[in-house]
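The values are calculated or read from the model by the stated rules, or taken from the named source; none is laboratory data. Small disclaimer: the values here were computed from a predicted structure and weren't measured. Quick reminder, even Gly has a Cβ in these numbers, built from the backbone with ideal geometry, and neighbours come from all protein chains shown. Just the protein is used for accessible areas: all its heavy atoms, side chains included, with ligands, DNA and RNA removed. Shrake-Rupley method; radii C 1.70, N 1.55, O 1.52, S 1.80 Å.
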Amino acid sequence: MRFEELPTPCFVVDEGLIEKNLKILNGVMQRTGAKIVLAQKAFSMTAMYPLIGQYLSGTTASGLFEARLGHEEMGKENHVFAPAYREDEIDEIVAICDHIIFNSFSQLERYKEKALAAGRKIGLRINPECSTQVGHEIYDPCSPGSRFGVKREDFQPELLEGVSGLHFHTLCQQNSDDLETTLNAVEDKFGPWLPQMEWINFGGGHHITREDYNIEKLEACITRMQNKYGFEVYLEPGEAIALNAGYMVTSVLDIHHNGIEIAIVDTSATCHMPDVLEMPYRPPLVGSGEFGEKPYAYRLGGPTCLTGDVIGDYSFDQPLRSGDRLVFEDMAIYSMVKTNTFNGMPLPAIAVQDKDGNCRIVREFGYQDFKMRLG
């Protein structure tokens, strides 16, 4: 099957581009000795796990189900962090996770003995109170009132027995200069306890595979902490693994006019790319320009009943017609894991494109996938 023969809507993950990203990440690991694990919250397409496992050290999870996925499908190092763990899930988490990171001293005190008895490495998430983001407040773990991590004023060093590492996560789609700033804040606030730690986790949000990312500075940050404290350093990017490596193929269903030209497509922002509404952002679209840049301008909207189900405003060299195919770029990250069936919308098919350009569908969804979720 070729790209143009795929059903729509359909996510397409390019295997060659995934491997290109993985080679960049593996290069960082080889040059520094740091370990990089896949943050499954951003990309959890198990068909790619054998390939990812060839290059990275394992996976990290945000709860039991992701932890099970990493354990069952990749079987390498398996890390987990959650704001709070459930009593009825902690035994299974302890059984399958190598690193268990707690969000508070109360959670640490409640569950650490179980984890230590199983030989697990115990971590504590800290909040360095160092916001470096602009325009992504919804994703800023250092924002006032954040529920993530222990601040310096609440730190209880007398309860650190058994804790072998610290974890922080402050970045979102950012470069290594922001990591450098964050590390300075970590040392400033938590420096007295860093020498007693065996490992440190820099969290995610590192856009390592972006063209303008400063890898040299990242590696300098890693080696600085390794040399100063004797740490083992972990990073857990999600987006960097699949950045610019996936597409969403959609079809135009109808053209509607209401002051502007509106193209109704079979892909929904609400259901299939919710970050368009949450962030918000305008997904890149092959062959298009900014609204008004090219002669034919359209607002692209989804088929649900939600008035705000709008993907964005675009312009084209030729007028759009029913049946035309559009290809959105950078759709492998987050969009795939956030899809939903609001309004009974079918979930997009999922396909892989190999290095020769051939496509294979790895999953299609139907009515039962909608019905089974609602009892």
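Going through segment 190-202 one residue at a time, which ones are touching a residue at least 24 places away in the same chain (Cβ under 8 Å), open to solvent by less than 50 Å² (accessible area, probe 1.4 Å) and part of a helix (DSSP H, G or I)?
Filtering segment 190-202 for residues touching a residue at least 24 places away in the same chain (Cβ under 8 Å) gives 190, 192-202.
If we keep only those that are open to solvent by less than 50 Å² (accessible area, probe 1.4 Å) too, we end up with 190, 193-194, 197, 199-202.
If the condition is that a residue be touching a residue at least 24 places away in the same chain (Cβ under 8 Å), open to solvent by less than 50 Å² (accessible area, probe 1.4 Å) and part of a helix (DSSP H, G or I), then PHE190, TRP193, LEU194 are the ones that fit.
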Matching entry among PRO283, PRO303, PRO274 (being open to solvent by less than 80 Å² (accessible area, probe 1.4 Å), in contact (Cβ under 8 Å) with a residue 24 or more places away in the chain and touching a Lys or Arg at 6+ places or on another chain (Cβ under 6 Å)): PRO274
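Yes/no matrix, rows are residues, columns are (1) assigned to a strand (DSSP E or B); (2) more than 17 Å from the chain's Cα centre (by Cα); (3) modelled with pLDDT of 95 or more:
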residue: CYS172; (1), (2), (3): no, no, no
residue: LEU183; (1), (2), (3): no, yes, yes
residue: VAL186; (1), (2), (3): no, yes, yes
residue: GLY204; (1), (2), (3): no, no, yes
residue: ARG224; (1), (2), (3): no, yes, yes
The lone exception for SER143 - which of (1) modelled with pLDDT under 95; (2) under 18 Å from the mean Cα position of the chain (by Cα); (3) not β-branched (Val, Ile, Thr) it fails: (2)
Residue satisfying condition, being under 20 Å from ILE126 (Cα atoms) and either in contact with a His (Cβ under 7 Å, 6 or more places away or on another chain) or not aliphatic (A, V, I, L, M) (or both), within set ARG110, ARG68: ARG110
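For the subset of segment 290-313 comprising residues that are assigned to a strand (DSSP E or B) and touching a Phe, Trp or Tyr at 6+ places or on another chain (Cβ under 7 Å), which member is farthest from ASP330 (Cα to Cα)?
Step one: of segment 290-313, the residues assigned to a strand (DSSP E or B) are 296-301, 310-313.
Remaining after also requiring touching a Phe, Trp or Tyr at 6+ places or on another chain (Cβ under 7 Å): 296-298, 300, 313.
Working: TYR296: 24, ALA297: 22, TYR298: 21, LEU300: 17, ASP313: 17 Å.
This residue is TYR296.
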Test: ARG110 is assigned to a helix (DSSP H, G or I), under 30 Å from PRO144 (Cβ atoms) and open to solvent by 60 Å² or more (accessible area, probe 1.4 Å): yes
Test for ILE241: is it in a loop (DSSP other than H, G, I, E, B) and under 29 Å from ARG360 (Cβ atoms): no
Qualifying residue in segment 16-34 (condition: at positive phi, open to solvent by less than 20 Å² (accessible area, probe 1.4 Å) and not in a helix (DSSP H, G or I)): no
Flag if GLU211 is acidic (Asp, Glu), open to solvent by less than 30 Å² (accessible area, probe 1.4 Å) and within 23 Å of PHE43 (Cβ to Cβ): no
Qualifying position, being within 25 Å of PHE168 (Cα to Cα), part of a strand (DSSP E or B) and among the β-branched types (Val, Ile, Thr), among VAL233, VAL252: VAL233
Lone unmet requirement of (1) outside any helix (DSSP H, G or I); (2) open to solvent by less than 20 Å² (accessible area, probe 1.4 Å); (3) more than 30 Å from GLY230 (Cα to Cα) for MET1: (2)
Per-region count, segment 334-375, residues open to solvent by 90 Å² or more (accessible area, probe 1.4 Å), of a type outside the set (Gly, Ala, Ser) and part of a loop (DSSP other than H, G, I, E, B): 3
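Yes or no, residue by residue, for (1) open to solvent by less than 10 Å² (accessible area, probe 1.4 Å); (2) over 21 Å from LEU56 (Cβ atoms); (3) within 17 Å of the chain's Cα centre (by Cα):
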residue: HIS169; (1), (2), (3): no, no, yes
residue: ASP177; (1), (2), (3): no, yes, no
residue: TYR229; (1), (2), (3): no, yes, no
residue: LEU235; (1), (2), (3): yes, no, yes
residue: ASN244; (1), (2), (3): no, no, yes
